[in-house]
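Heads up: the structure comes next, in structure tokens.
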């Protein structure tokens with residue numbers, strides 16, 4: 001990864017205007033089919049959850065436990081990825097439906113919605129892949145760029161990254177608190193304590209729901225239901241971790257230094273989002289189950305556009321990148337996941353392990369025909 005991209009201004013702004021045109025066209029065409037999509041998906045998710053929990057109550061039948069756990073895991077993935085993440089981005093606020101709105105939605109994960117919206121929607125999407133500004137670069141615990149100073153603790157990162165995947169929702173909830181800023185005075189301890197209480201309350205509700213209330217309701221099936229809920233939550237966590245890491249940390253995703261932000265224009269912001277994101281190739285089911293974060297490039301270019309539109313605009317974005325001589329990084333899930341883990345292993349060791357920030361600019365926009 002490199003912090004070396006310095007675009008040619010005129011071409012960059014033309015590139016940005018072309019993307020603005022795509023965005024305006026999508027916004028102007030939003031309507032009933034989009035509203036029907038999200039409402040239908042929420043209905044499917046709730047049926048999956050209800051059916052999964054019902055089958056778990058009959059888990060004395062071995063197939064019922066397996067099918068119920070799989071249905072509940074799918075429901076939790078849908079709620080977390082394609083519904084919760086995108087509703088909280090404000091993608092569906094245009095519907096003016098108070099039940100499907102970024103100001104009212106609370107999702108089935110450990111992070112309180114308001115805290116997550118600040119750390120993700122504002123911090124991450126504003127400063128994408130800018131070292132020292134975007135805290136999502138390695139989530140403060142994983143070294144994924146040679147620009148991050150090496151420490152012996154990183155030798156263990158292949159192991160604790162695997163643990164992070166299993167308990168991803170809790171890791172993100174704690175990470176969002178920015179507790180490391182307290183000693184330097186960049187965060188008020190009282191504010192941190194209030195946020196920590198909100199996280200603890202949310203986690204308590206989640207634990208009571210999945211590991212106390214539903215198992216108790218199951219009576220003699222207490223233990224199978226508890227294990228089914230635990231398995232579904234861990235499956236959701238591993239899937240979310242995989243999709244998110246594949247969208248930000250494979251080969252081809254660049255990291256930038258803060259000087260890249262100086263006098264950054266709209267067009268330059270678009271280019272940075274493009275170079276800092278990677279897509280995952282796949283079919284419609286993969287796109288839905290990933291929350292359409294398989295279209296991570298389109299999501300970072302247009303985070304407030306409804307996710308069901310990413311697949312249709314992706315070919316236009318790719319063609320635009322080809323026209324302006326910009327990379328459009330995409331690969332299969334297996335390829336991107338393998339690339340991420342290769343980077344995690346390599347960055348665990350001392351040494352740069354990749355391109356140096358002292359190298360000359362790697363890419364320049366070319367004039368569009």
Pull out a ≥ b ≥ c, the square roots of the eigenvalues of the alpha-carbon gyration tensor of region 174-323, then state rounded if a/c is under 1.5, prolate if not and a/b is larger than b/c, and oblate in the remaining case.
oblate
The chain: most fluctuating residue of 256, 222, 159 per GNM, C-alpha cutoff 10 Å:
159
Computed over the Cα atoms of region 237-282, the Rg and Dmax in Å are 12.8, 38
Compute the Cα gyration tensor for region 9-56, then decide on rounded, prolate or oblate, letting a ≥ b ≥ c be the square roots of its eigenvalues: rounded whenever a/c is under 1.5, prolate when a/b is larger than b/c in the other cases, and oblate in all that remain.
oblate
Going by a ≥ b ≥ c, the root eigenvalues of the Cα gyration tensor, does region 198-249 fall in the rounded group (a/c under 1.5), the prolate group (a/b larger than b/c) or the oblate group?
oblate
Tail beyond 15 Å, pair distance distribution of region 43-107 (Cα, percent):
55 percent
Highest GNM mean-square fluctuation, the chain, Cα pairs closer than 10 Å: which of 149, 236, 346?
149
P(r) over all Cα-Cα pairs of region 70-148, 5 Å bins from 0 to the longest distance, whole percent per bin, short to long, reads 3, 15, 20, 19, 17, 14, 8, 3, 1, 0
Taking only Cα atoms, what is the 0 to 90° angle, nearest 10, from helix 157-166's long axis to the longest principal axis of the chain?
50 degrees
In Å³ per residue, the alpha-carbon convex hull of the chain encloses 146 Å³
Under Stokes-Einstein, region 250-360 at 4 °C and 1.567 mPa s, with its Kirkwood radius over C-alpha pairs, diffuses with a coefficient in µm²/s of 84 µm²/s
Quick check on the chain: helices-only [θ] at 222 nm, where DSSP H runs of length 4 and up contribute -39,500 (n - 2.57) each and the sum goes over total residues. Nearest 500, please.
-16500 deg cm²/dmol
Kindly express, to the nearest 10 degrees and within the range 0 to 90, the angle between helix 222-248's C-alpha long axis and the longest C-alpha principal axis of the chain.
10 degrees
Expressed as a whole number of Å, what is the distance separating the alpha-carbon centroids of region 264-323 and region 138-174?
25 Å
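Pairs of Cα atoms under 8 Å, at least six residues apart: use those to get the relative contact order of region 53-102, whole percent.
On the way: 31 pairs, mean separation 10.9, N = 50.
Computed value for region 53-102: 22 percent relative contact order.
Would you mind calculating the relative contact order of the chain from Cα pairs under 8 angstrom and at least 6 residues apart, reporting the percent as a whole number?
Working: 524 pairs, mean separation 109.0, N = 369.
That works out to 30 percent.
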Give me the angle, in degrees from 0 to 90, between the Cα long axis of helix 310-324 and the longest principal axis of the Cα atoms of the chain, rounded to the nearest 10.
20 degrees
Taking every alpha carbon pair in region 230-311, what does the distance histogram look like in 5 angstrom bins from 0, in percent?
3, 15, 21, 21, 18, 11, 7, 3, 1, 0
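Per Stokes-Einstein, at 20 °C and 1.002 mPa s, what whole-number D in µm² s⁻¹ belongs to region 1-125, with the Kirkwood radius over Cα pairs as the hydrodynamic radius?
Details: Rh = 17.5 Å.
The Stokes-Einstein estimate is 122 µm²/s.
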So if I average 1/r over every pair of distinct C-alpha atoms in region 133-210 and take the inverse, what Kirkwood radius in Å does that give?
14.3 Å
Rounded to whole Å, sorted largest first: equivalent-ellipsoid semi-axes of region 61-207, Cα gyration tensor
28, 22, 16
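Rule-based calculations on the coordinates, nothing more; no lab input. Only a predicted model underlies this, so the values are computations on that prediction, with no experimental measurement involved.
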